[in-house]
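Enquirer: Quick one: this structure, given as structure tokens, is what I'll be asking you about.
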Amino acid sequence: MPWWDTEDRIAGNLAYAHLTNNLPIRVAIDDRLHAETLLAAAGAVCGYCCQRAVLERVDAGEKFEGDRLLRMRLANGHSYRLGDALTELFYGGPGPVVPANENLWRMLSGTAVANGLPRERLPTPAEIFSPMAASLGQPDEGRPTTGPDHQPLLSIHELLHAVWPLVQDCLIGRFARLGGMDFPAPVRIWPAVSAWAAVQCFVRTLPVLDPRTGVLIVMQSAAFGSKLDRSRVEELR
């Protein structure tokens, strides 16, 4: 784990453990786990955490040139975040290379291949990103392209909005008071923490879901989650 030998070791470990353990409980229906809903939630959380990490860098004064980070408002009245600065953190891109143990795509694809998915059957970048970009502002925006039998029970926007209060509590240490001390994970490691949690959720669904379908749900949800404006996700508190 990338935070293991850093000052964020305790906070990172606690955030990862609480997120991995509590997200499946939050999306369960009558104590039963719905694989597609869990994977969509895990992917969307990771994508949104990448956005939060990038925007924290903006708040600290970092500049992103050209179209590396954009905010676009569509006719439906909603704003979306776009740009390579976002996708570089969970997939890849022309900018700085994110270490493999922090990158959702590299960990997830490696896990899928290790569990029997031929590498040539991994979803392509076009399969992951093009449908999500084309869906923005549409009634079915963000829906995975995995067919009617493999859909989450809520839209990605509704799902991310529903789970975010719990996710935030996991990340900022509300579940992790030890000896009267808080251990909030810094926003800069949220992408890595949520990527590790998403991979664990993926492993959990392998007995009931084809790995290629699982990878596509996670990655498309991450792509869409990275675009959702904060006003649509968080009850600011």
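Enquirer: Within the set of pairs 6 or more residues apart or between chains, which connect a residue that is without any contact (Cβ under 8 Å) to a residue 24 or more places away in the chain and at positive phi inside region 66-88 to a residue that is exposed (fewer than 13 other Cβ atoms within 10 Å of the Cβ) and of a type in the set (Asp, Glu) with Cβ atoms less than 8 Å apart?
Expert: These pairs meet every condition: GLY83/ASP67.
Enquirer: All but one of (1) surrounded by fewer than 18 Cβ atoms within 10 Å (Cβ to Cβ); (2) within 27 Å of PRO165 (Cα to Cα); (3) within 18 Å of the chain's Cα centre (by Cα) hold for THR37, so report the exception by its number.
Expert: The number of the failed condition is (1).
Enquirer: Also, quick follow-up: Every residue in region 31-52 that is touching a Pro at 6+ places or on another chain (Cβ under 7 Å) and of a type in the set (A, V, I, L, M), please.
Expert: Looking only at region 31-52, we keep the residues that are touching a Pro at 6+ places or on another chain (Cβ under 7 Å), and these are 33, 36-38, 40, 46, 49-50.
Matches in region 31-52: LEU33, LEU38, ALA40.
Enquirer: What helices (runs of 4 or more DSSP H) completely inside region 1-119 contain at least 3 residues that are within 26 Å of PHE183 (Cα to Cα), of a type in the set (A, V, I, L, M, F, W, C) and at pLDDT 95 or above? Spell out the reasoning first.
Expert: Working: elements: 9-27, 35-59, 84-90, 104-114.
In region 1-119, 35-59 are the helices (runs of 4 or more DSSP H) which contain 3 or more residues that are within 26 Å of PHE183 (Cα to Cα), of a type in the set (A, V, I, L, M, F, W, C) and at pLDDT 95 or above.
Enquirer: Restricting attention to region 151-159, does a residue exist that is modelled with pLDDT of 90 or more, assigned to a loop (DSSP other than H, G, I, E, B) and either small (Gly, Ala, Ser) or surrounded by 20 or more Cβ atoms within 10 Å (Cβ to Cβ) (or both)?
Expert: Step one: filter region 151-159 for residues modelled with pLDDT of 90 or more, giving 151-159.
Checking the rest, the ones that are also assigned to a loop (DSSP other than H, G, I, E, B) come to 151-155.
Then keep just the ones that are either small (Gly, Ala, Ser) or surrounded by 20 or more Cβ atoms within 10 Å (Cβ to Cβ) (or both); that gives 152, 155.
There is at least one residue in region 151-159 that is modelled with pLDDT of 90 or more, assigned to a loop (DSSP other than H, G, I, E, B) and either small (Gly, Ala, Ser) or surrounded by 20 or more Cβ atoms within 10 Å (Cβ to Cβ) (or both).
Enquirer: Taking the condition of being touching a residue at least 12 places away in the same chain (Cβ under 8 Å) and under 18 Å from the mean Cα position of the chain (by Cα), how many residues in region 147-160 meet it? It would help to see each step written out before you state the result.
Expert: Let us first name the residues in region 147-160 that are touching a residue at least 12 places away in the same chain (Cβ under 8 Å), namely 150-157, 159-160.
After this cut, where a residue has to be under 18 Å from the mean Cα position of the chain (by Cα) as well, the list is 151-157, 159-160.
Qualifying residue count for the region: 9.
Enquirer: In region 111-132, which residues are out of contact with any helix residue (DSSP H, G or I) (no Cβ under 8 Å at 6 or more places or on another chain) and small (Gly, Ala, Ser)? Please lay out each step first, then the result.
Expert: Restricting attention to region 111-132, the residues satisfying the condition of being out of contact with any helix residue (DSSP H, G or I) (no Cβ under 8 Å at 6 or more places or on another chain) are 114, 118, 120, 124-126, 130.
ALA114, ALA126, SER130, listed by residue number.
Enquirer: Counting only residues that are farther than 16 Å from ALA44 by Cβ and not in a loop (DSSP other than H, G, I, E, B), which one in region 127-146 is farthest from the chain's Cα centre (by Cα)?
Expert: First, the residues of region 127-146 that are farther than 16 Å from ALA44 by Cβ: 127, 130, 134, 137-139.
Checking which are not in a loop (DSSP other than H, G, I, E, B) leaves us with 127, 130, 134.
Working: GLU127: 17, SER130: 17, ALA134: 19 Å.
Filtering region 127-146 for residues that are farther than 16 Å from ALA44 by Cβ and not in a loop (DSSP other than H, G, I, E, B), the one farthest from the chain's Cα centre (by Cα) comes out as ALA134.
Enquirer: Given the structure, is VAL199 of a type outside the set (Ser, Thr, Tyr), assigned to a helix (DSSP H, G or I), in contact with a Leu (Cβ under 6 Å, 6 or more places away or on another chain) and over 17 Å from PHE224 (Cα atoms)?
Expert: Details: of a type outside the set (Ser, Thr, Tyr): yes; assigned to a helix (DSSP H, G or I): yes; in contact with a Leu (Cβ under 6 Å, 6 or more places away or on another chain): yes; over 17 Å from PHE224 (Cα atoms): yes.
Taking the combined requirement at face value, the residue satisfies it.
Enquirer: Which is closer than 29 Å to VAL199 by Cβ and either in contact with a Pro (Cβ under 9 Å, 6 or more places away or on another chain) or of a type in the set (S, T, N, Q) (or both), of LEU55, LEU82, LEU69, LEU89? Outline the logic, then answer.
Expert: On the way: LEU55 fails: either in contact with a Pro (Cβ under 9 Å, 6 or more places away or on another chain) or of a type in the set (S, T, N, Q) (or both); LEU82 fails: either in contact with a Pro (Cβ under 9 Å, 6 or more places away or on another chain) or of a type in the set (S, T, N, Q) (or both); LEU69 fails: either in contact with a Pro (Cβ under 9 Å, 6 or more places away or on another chain) or of a type in the set (S, T, N, Q) (or both).
So the residue among LEU55, LEU82, LEU69, LEU89 that is closer than 29 Å to VAL199 by Cβ and either in contact with a Pro (Cβ under 9 Å, 6 or more places away or on another chain) or of a type in the set (S, T, N, Q) (or both) is LEU89.
Enquirer: Do the conditions hold for SER130, that is, is it closer than 28 Å to ARG73 by Cα and surrounded by 12 or more Cβ atoms within 10 Å (Cβ to Cβ)?
Expert: Details: closer than 28 Å to ARG73 by Cα: yes; surrounded by 12 or more Cβ atoms within 10 Å (Cβ to Cβ): yes.
Yes.
The values are calculated or read from the model by the stated rules, or taken from the named source; none is laboratory data. Note that the structure is predicted; figures quoted are calculated from it, not measured. Cβ atoms come from the backbone with ideal geometry, glycine included; neighbour counts cover every protein chain shown.
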